[in-house]
Each structure stands twice: as C-alpha cells, then as structure tokens.
C-alpha cells in the first residue's frame with residue numbers, strides 16, 4: 001500500500017542548519033560583558049522561540065525593562081559576529097531534500113524565524129528551490145507551541161494533518177506540530193534538554209526522513 005504521507009514540513013533552525021549552538025554562544029558572549037549572569041544554559045529556553053517572544057524573554061533574563069533600545073542592543077549583538085550559513089548546513093540536508101522531491105512529496109518550511117532570515121539562510125545554502133511554501137512565525141500573533149503556523153502551512157499545501165510529516169527538534173516546535181495533528185519526527189540533539197515526548201518518531205539524522213516517510217502506513 002502507498003504511504004499516506006503527501007507532504008513533509010521542516011523547521012529550519014536546529015533541523016536544516018545546526019544553528020542553535022552558534023546563535024546561543026554568540027549571544028551569550030556578547031551579552032556577558034554587560035550582564036555577567038547570563039549563561040549559555042540560562043538561554044536554553046529560547047531555542048524554538050518566535051522572534052516576537054525572544055527579546056522579551058531576554059529582557060527578563062538580563063533584568064532590564066523591555067524597550068526598543070534593548071531590542072536594538074540584541075540586534076547589534078547578533079550583527080557583531082556574522083554567520084556563514086553554508087558552514088552550519090547539515091551535510092545530509094540537500095541529498096535528503098532531493099530524494100523527497102524525487103518521491104513526489106510536497107515540501108514546505110515553517111520556521112519561527114523572521115522571513116528575512118529564512119530567505120537569507122535558504123538563499124546562501126542553495127535550498128530555496130526545494131520550498132515552494134515558506135511560512136514565518138512573524139506572520140502570526142501566537143508562536144510555537146501554538147499550532148497556528150503548522151495549520152496555516154498545511155492549508156497552503158492543501159493537505160490534511162495526517163498527510164503531513166513534520167520535522168522538528170525543539171520542545172516548542174514538537175509540541176506545535178503535534179497539536180496541529182501532524183506526524184512529528186523529532187531530530188534528537190543531546191546537547192539541549194528538549195522535551196520531545198510529543199513526537200511520534202525520533203531520528204538521529206535527516207537522512208532517515210525519506211525511508212520514514214515511505215514506511216508510514
């Protein structure tokens with residue numbers, strides 16, 4: 001019998017690119033000179049946060065009011081260390097996407113990151129061609145773990161939740177995909193204390209996705 005999976009929806013950060021250690025380390029280094037109590041571990045809850053929620057959390061962590069000036073300070077900290085995204089692209093990502101496309105599956109990206117960042121990453125990594133549907137968390141009032149981003153992506157694909165395999169890593173992302181009714185495959189990452197218990201499947205490498213999608217009955 002053919003697999004009921006008709007579409008695969010990917011998160012970006014931590015899934016297609018191994019960005020979380022880079023982002024967290026960079027931000028911690030830049031903030032510790034002014035806020036020495038900010039540690040890498042204290043920033044773990046930000047993994048998977050939307051771009052709207054992140055600066056408010058960081059204001060609380062830095063023990064300062066949330067103001068436009070503080071938001072600007074965070075942005076400037078990020079700009080101090082430019083990232084060359086092809087360096088952190090998972091090497092198995094492109095072959096895996098090529099295989100899924102050859103299988104006739106629809107592909108989409110649903111990331112909490114701003115659309116400008118998504119397009120920068122996909123453009124620099126040469127992956128834009130694989131994603132006719134791209135959705136950013138900045139389009140919605142509620143961010144992951146709210147399922148709205150995935151429900152919207154499924155609607156754009158014209159697919160029911162049970163036809164969609166969702167590839168996630170963070171606690172928020174896994175919960176959002178599961179709440180939307182999709183079949184969630186969680187990419188394991190022992191470096192972070194993610195709660196992936198809501199996922200239907202657990203994988204150690206993106207290269208497992210094509211076989212997984214084909215085997216789901």
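Assorted remarks:
- Residues that are surrounded by fewer than 16 Cβ atoms within 10 Å (Cβ to Cβ), more than 17 Å from the chain's Cα centre (by Cα), modelled with pLDDT under 90 and in a loop (DSSP other than H, G, I, E, B) are absent from the range 41-54 altogether.
- Among the conditions (1) within 27 Å of residue 5 (Cα to Cα); (2) not in a helix (DSSP H, G or I), residue 37 misses just one, which is (1).
- Within the range 96-116, considering residues that are out of contact with any strand residue (DSSP E or B) (no Cβ under 7 Å at 6 or more places or on another chain) and at pLDDT 95 or above, the one nearest to residue 15 (Cα to Cα): 96
- Of the strands (runs of 3 or more DSSP E) lying entirely inside the range 100-217, those containing at least 2 residues that are farther than 26 Å from residue 87 by Cα span 164-168, 183-187.
- Looking only at residues in the range 132-160 that are without any contact (Cβ under 8 Å) to a residue 60 or more places away in the chain and in contact with a strand residue (DSSP E or B) (Cβ under 8 Å, 6 or more places away or on another chain), the one that is surrounded by the fewest Cβ atoms within 10 Å (Cβ to Cβ) is 132.
- Reported count of residues in the range 74-86, each being outside any loop (DSSP other than H, G, I, E, B) and either modelled with pLDDT under 95 or surrounded by 19 or more Cβ atoms within 10 Å (Cβ to Cβ) (or both), is 7.
- Tally, over the range 179-195, of residues that are touching a strand residue (DSSP E or B) at 6+ places or on another chain (Cβ under 9 Å), under 27 Å from residue 42 (Cβ atoms) and surrounded by fewer than 23 Cβ atoms within 10 Å (Cβ to Cβ): 1
The values are calculated or read from the model by the stated rules, or taken from the named source; none is laboratory data. Model, not experiment: these values are computed from the prediction. Heads up, the Cβs are rebuilt from the backbone with ideal geometry, glycines too, and the neighbour counts pull from every protein chain shown.
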